[in-house]
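For reference, the structure is listed below as structure tokens.
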Amino acid sequence: MTVLDLKIDERAIITQINGNKDFHSYLLNNGIGIGTIVYKNYSPGFSGLISLTINGKMISLRQVDFQNIELVQI
Amino acid sequence: MQEILLIGKPNSGKTSLFNQLTGLNQKVGNYAGVTVDIKSGKLKDQQIIDLPGMRSLRSVTPEEKITKDFLLGKLGEAQIVFTASGTNLNDDLILFSELADLQIPMVLVINFKDELEKNHISINMHSLRDITGCPVLLVNSKDGSGIDELKHYIEKKGFKIPNSFCKSLYENITDQGIENNYVQSLSDGTQPVNISLHENDYLKRQKIVSAMVRSAVTKGEENEYLQSSKKWDKLLLHPVWGIFIFLTVMYFVFQSVFAFSSIPMDWIDGGMSNLSAWASSTIPDGWLQRLISDAVIPGIGGVVIFIPQIAILFFLLGVLEHTGYLSRISFISDSFLRKFGLSGKSIIPLMSSWACAIPAIMSTRIIDDPRERMAVIFASPLMTCSARLPVYAILIAVIYPNDSGRFFGSQGLMLLALYLLGVISTLAVAWYFTRRSKIPSNKFWSLELPVYRMPNWRNIWINVYQKTKSFVVEAGKVIFVISILLWLLASFSPKGQDFIQAEYTKYTASTEDSSQMNQEAFELEYSYLGYLGKGIEPVIKPLGYDWKIGIALITSFAAREVFVGTISTVYSIGSDEDATIIERLRNEVNLETGEPRYNYATAISLLLFYVFALQCMSTLAIVRKETGHWKYAIWQFIAFFIMAYLFALAAYQLLS
């Protein structure tokens, strides 16, 4: 599953990150790597953004980028 | 002088700490070639340097690269005050562990003591000191608690090299011994990223830091401190209410820049006029008197008059930023702006441009993507700023005379059309720029939504002071010089004063027309500027303009609103009411055709010229300052001039 499938207030752990090296590197610099626990806050349809809580911070990424992050709900 | 570098992740309260340590004893300098502020200030005999926030030593955004390069260039010399947000230790200490591997003496400062207390988080400082091996202090940069202890450590040089965390990951055992390539692995940003090494490194650090935080920090329910922010976000990011609140807030900001600045701007304007009159009456008659009263004082006035707008905009932006709402505004507007190659971070500069492009261009520093930032700097002067309003008002009144008393009329529709044209052209230029520019762009976009906090007023005021000072000092120099240059061109004639006087006497004797030119207008006609106006007449004639309009185009290069004043002078009009100006413009006859000079075609052509032309030297000066060189300012001027010319030409040729 991806973040897009996660419902609001659900938690999941990142199991795989697809995409190129730059994307991996970008996510790592934002504290997002394999094994990171994410918590979905909200994803207002109009914005095309998804807000997650990651390592105690609320971070928003664009939906298109989230498609490359695979996770398992916990 | 010993250098102390303030380093931390974005939103860790680093700049607040810097302000607490240095007060107003600060200096802002741009890093060579890149427009990022590196602030430095003094604390007794120590130099405190506030570097842009960074997420990791491996980050590649321009600001983070600056911090990394600066830091690696100071290895062995500098010491670090590392700022971590008390509520985000798990994340912030990963960067701390990277710095620890550089073996630089450090003090670890845990900030936002108040938020720790509010969220029932307690930290065992002894345990953290033992694990890290360096001094650890708990401070609150908002109210200054714990700052004295930090100052004590800085003054007594109580920094210590922390325990290395993961440096061994980069050690190779060679015949010569152990070789460590950690620093080399960081400094080569042009090489492809070794993602597995990066990932291993990150995971290892994350594991160590998590264990460290678990052993030293006791906290209540996880993410408890985020709950209140999340509740607010449910309202402020709501698909309907969120947008309504956003539009209301933006209207307030936009309106405030106009409304609250008008009175102080009038004071400055009036004060400068009085000063000019005083200089004129006090200094003995001659060129020096005219230079001071007609060029130096108005030149200074042309700079300081923008202070209220800049101060108000940056004050309001500061409040929005400190409370955390600025990020929400970016969140809400991202989807719309993405269609034009921009992101939500561009919304504030773009909307600020409706008031004035100068503070708007200065506020583009909140955009972290270099290409997007340059696109906004390039396109935002096309938004209809307040200086265009006097020009629009007069020209619209000339072509639509009978509109008074109607709520919906041609005048209002024309003004609306001009505003819309400004918005459309801004977005179109930004779209084109982001597609054609070779400036590096961040491929990915993320936005941290910070927790809602009360604004730190002290920091906001320091920022307002710094931004205003920076404008006055940097852009002011250019504006001042160009003002004097325009004055010289308008005040001196290749023919000499005696010749002009004799010609004027002849002219007044030969005409009894009550609308004859006054001496001021006559002198302007014979000035270098007058000759310039006549010189450019063949170029502007296809647009429907004569040499008198040419003079106004040249003088309004200083600022668009100067058009009105120049037109008043050129047509021998005193500085009375607008109605008189409008009447005179309506009555002005084109001697070649016998038709009104300001007919529909000419007025529309002029309006379109002012929609596009970059007739504002202050904007050019601030573009130069923000981009670091003249290249973009010159391109912008030329490109907008060509657009203005072509649109004005098309309008005149089609309508006449």
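Coordinate-derived values only; no laboratory data. In this text the structure is predicted, and so the values were computed from the model without any measurement. In this analysis, Cβ positions are derived from the backbone assuming ideal geometry, glycine residues included, and neighbour counts consider all displayed protein chains.
Helix B:457-470 sits at what angle to the longest principal axis of chain B, using alpha carbons and giving 0 to 90 degrees rounded to 10?
Helix B:457-470 sits at roughly 50 degrees to that axis.
Go ahead and run the numbers for FRET between B:A417 and A:I13, Cβ-Cβ distance against an R0 of 60 Å, rounding to 0.05.
Calculated value: 0.65.
What's the FRET efficiency of B:L485 with B:S510 using the Cβ-Cβ distance as r and R₀ = 35 Å, to the nearest 0.05?
0.55
If Lys and Arg each add +1 and Asp and Glu each add -1, what is the summed charge of the other residues whose beta carbon sits under 11 Å from the beta carbon of B:G344?
So the environment of B:G344 carries a net charge of +2.
PRE reach from B:L275 (point 7 Å along Cα→Cβ): which of region B:306-325 fall under 14 Å by backbone N?
The answer is B:306-308, whose backbone nitrogens lie closer than 14 Å to the label point.
So if R0 is 30 Å, what FRET efficiency would A:D22 and B:S210 give, r being the distance between their Cβ atoms, rounded to the nearest 0.05?
Efficiency at R0 = 30 Å is approximately 0.70.
Projecting each Cα onto the charge dipole of the protein assembly as shown (Lys/Arg +1, Asp/Glu -1 at the beta carbon, about the Cα centre), which of B:S493, B:V136, B:S262 comes out farthest on the positive side?
After comparing all options, I get B:V136.
Give, in nm to one decimal, the length gained when the segment between B:S127 and B:H152 is fully stretched (0.36 nm per residue of separation minus the Cα-Cα distance).
Taking 0.36 nm per residue and subtracting the Cα distance, the gain is 6.9 nm.
Given the protein assembly as shown, what percent of its DSSP beta bridges are antiparallel, to the nearest 5?
For the protein assembly as shown, the DSSP antiparallel bridge percentage is about 70.
Of B:K39/B:K118; B:K68/B:K157; B:K230/B:K339; B:K467/B:K625; A:K57/B:K339, which ones are farther than 20 Å apart at the Cα?
From B:K39/B:K118; B:K68/B:K157; B:K230/B:K339; B:K467/B:K625; A:K57/B:K339, over 20 Å: B:K39/B:K118; B:K68/B:K157; B:K230/B:K339; A:K57/B:K339.
Can you compute the helix-only [θ] at 222 nm over the protein assembly as shown? Use -39500 (n - 2.57) per DSSP H run of at least 4 residues, normalise by all residues, nearest 500 deg cm²/dmol.
One gets -17000 deg cm²/dmol as the mean residue ellipticity at 222 nm.
By how many degrees, between 0 and 90 and to the nearest 10, does the Cα long axis of helix B:370-379 differ from the longest principal axis of chain B?
Helix B:370-379 sits roughly 20 degrees off the main axis of chain B.
Quick one: angle between helix B:224-236 and the longest Cα principal axis of chain B, in degrees between 0 and 90, rounded to 10, please.
In chain B, helix B:224-236 runs at an angle near 30 degrees to the longest axis.
Please compute the volume of the convex hull spanned by the alpha-carbon atoms of region B:301-408 and report it per residue in Å³.
It comes to 157 Å³ per residue, whole-number rounded.
Expressed as a rounded percentage, what relative contact order does chain B have, with Cα pairs under 8 Å and six or more residues apart?
Here the relative contact order equals 11 percent.
Which residue, chosen from B:A651, B:L57, A:I32, occupies the Cα position most advanced towards the positive end of the dipole of the protein assembly as shown, where the dipole is computed from +1 (Lys, Arg) and -1 (Asp, Glu) charges on Cβ about the Cα centre?
In the protein assembly as shown, that residue is A:I32.
Return the percentage of antiparallel bridges among DSSP beta bridges fully within chain B, rounded to the nearest 5 %.
In chain B, approximately 50 percent of DSSP beta bridges are antiparallel ones.
Assign unit charges at the C-beta atoms only (+1 for Lys and Arg, -1 for Asp and Glu), then state the dipole size of region A:3-73 relative to its Cα centre in Debye, rounded to the nearest 20.
Taking the Cα centre of region A:3-73 as origin, the dipole is about 120 debye.
Please compute the contact order of region A:3-73 in relative form: average sequence separation of alpha-carbon pairs under 8 Å and at least six residues apart, divided by the residue count, as a percent.
In percent, rounded to a whole number, it is 41.
Can you list the trypsin sites (Lys or Arg not before Pro) in chain A that are in a DSSP coil and have 11 or fewer other beta carbons within 10 angstrom?
Of the trypsin sites (Lys or Arg not before Pro), the ones in loops of chain A whose Cβ has at most 11 other Cβ atoms within 10 Å are A:K7.
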